Amino acid sequence: MIADDTQTCQPLAGGQSLMPMLNLRVAQPEVLVDLNRIAALSFIEIQNDVVHIGAMVRYTALMHSPLIDKHVPLLAMALPYIAHQAVRNRGTIGGSVALADPAAEMPAVLKALAATIVVVSAHGQREIPAEAFFLGIYETALDEGELVHSIKIPLATSGHRFGFYELARRHGDYAMAGVAVSAQSINPCTELSIVFFGVADQPLRAVDAQAVLEGCAISDNAALTAAQQSLPAELMLGDTGVSADTRLQLARVALKRALLSMAD
Ligand SMILES: Cc1cc2nc3c(=O)[nH]c(=O)nc-3n(C[C@H](O)[C@H](O)[C@H](O)COP(=O)(O)OP(=O)(O)OC[C@H]3O[C@@H](n4cnc5c(N)ncnc54)[C@H](O)[C@@H]3O)c2cc1C
């Protein structure tokens, strides 16, 4: 069947979010386009100074990839926290990027690593920095008719250090608060990139905490406390399970633990 211009169309990747949405009639596309048999979207390769990952690469494949282990350690650190094995066997990195759930690990990690999202449509291809891609709850910079094709992530250099920490009720649940951190060096801290997930309406860069810690040793207690205090309380979201105040406190704890883990 070929969709015409008047029909609503939606791509199906791992189906771990879309299938429940279809079941609940939250999503009701007239045409579903299954990406699962497009082998050209399932690759992990090094290209110059980036790791290039196809949109249909599943979490489990990423977890078993020596390239990811060696060149994108922050991604490798985050993967075991995504749901459970059965979900990771089907869920894809492109699906997570396109869905833009602010509680998801991948968008925050990609933003912390200054990744680039490659998108395609009938009109061609364009590249969008992760920093500008995630716009709100389930909202991205994707235009009508655009697909996530792949993700480019700069290779980690030898001095690079990374930290990741999330607080969830049970392992595999979405985080109540979590943070992904990258630094060029840690004693003193340089080029810190700190991005939270599960706290705001999108992956949240902690701009003030980055500035506070720049030039300080990562285990400097006064700097850690100042960084914790600098988190933007006004951007924290509350829900029926976790109030905004509690979320701020959890974010502070996650930040300190992620940073201290980098000193080990
Ligand atoms: C029990 C359970 C627990 C979970 N826990 C977590 C968790 O802790 N952390 C986490 O991050 N996620 C979690 N998830 C979500 C899971 O990671 C999803 O698989 C993922 O968010 C979406 O990936 P997918 O490949 O399944 O995409 P799908 O469900 O197939 O698609 C999701 C959305 O993206 C669109 N889409 C998919 N691929 C593309 C593309 N290439 N281009 C454009 N649009 C596209 C679809 O049309 C749809 O709107 C959980 C899911 C379940 C069922």
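The values are calculated or read from the model by the stated rules, or taken from the named source; none is laboratory data. Not measured: the values here are computed from a predicted model. Here the Cβ positions follow ideal geometry from the backbone for every residue, glycine too, while neighbour counts run over all protein chains shown.
Per-structure values
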| item | result |
| --- | --- |
| Some residue of the stretch 110-127 being near the ligand (Cβ under 8 Å from one of its atoms) and under 19 Å from PRO203 (Cβ atoms) | yes |
| Complete set of residues in the stretch 250-264 that are more than 20 Å from the chain's Cα centre (by Cα) and farther than 18 Å from ASN221 by Cβ | none |
| Residue tally, condition under 15 Å from LYS256 (Cβ atoms) and aromatic (Phe, Trp, Tyr), over the stretch 175-206 | 1 |
| Residues of the stretch 167-185 satisfying the condition of being under 21 Å from VAL87 (Cα atoms) and more than 9 Å from the ligand (Cβ to nearest atom) | LEU167, ARG169, ARG170, HIS171, MET176, ALA177, GLY178 |
| All positions within the stretch 128-145 that are within 14 Å of the ligand (Cβ to nearest atom) and either closer than 22 Å to TYR59 by Cα or not charged (D, E, K, R) (or both) | ILE128, PHE133, PHE134, ILE137, TYR138, GLU139, THR140, ALA141, LEU142, GLY145 |
| Pair list, Cβ < 8 Å and 6+ apart or interchain, from the stretch 244-264 residues that are under 14 Å from VAL181 (Cα atoms) to residues that are hydroxyl-bearing (Ser, Thr, Tyr) and surrounded by fewer than 17 Cβ atoms within 10 Å (Cβ to Cβ) | LEU259/SER219; LEU260/SER219; ALA263/SER219 |
| So VAL97, is it surrounded by fewer than 18 Cβ atoms within 10 Å (Cβ to Cβ) and near the ligand (Cβ under 8 Å from one of its atoms) | no |
| Pairs, first over 14 Å from ALA115 (Cα atoms) and not assigned by TED's automatic domain parsing to the domain that holds ALA115 in the stretch 43-71, second among the charged types (D, E, K, R) and surrounded by 17 or more Cβ atoms within 10 Å (Cβ to Cβ), C-beta under 6 Å, six or more apart | none |
| In the stretch 72-102, the residues that are touching a Phe, Trp or Tyr at 6+ places or on another chain (Cβ under 9 Å) and under 23 Å from GLU146 (Cα atoms) | ARG90, GLY91, THR92, ILE93, SER96, VAL97, LEU99, ALA100, ASP101, PRO102 |
| Complete set of residues in the stretch 147-182 that are touching a strand residue (DSSP E or B) at 6+ places or on another chain (Cβ under 9 Å) and charged (D, E, K, R) | LYS152, ARG161, GLU166 |
| Strands (runs of 3 or more DSSP E) contained entirely in the stretch 1-72, each with at least 2 residues that are more than 20 Å from PRO107 (Cβ to Cβ), near the ligand (Cβ under 8 Å from one of its atoms) and out of contact with any strand residue (DSSP E or B) (no Cβ under 8 Å at 6 or more places or on another chain) | none |
| Options ARG169, ARG205, ARG126; residue that is surrounded by fewer than 22 Cβ atoms within 10 Å (Cβ to Cβ) and in contact with a Lys or Arg (Cβ under 8 Å, 6 or more places away or on another chain) | ARG205 |
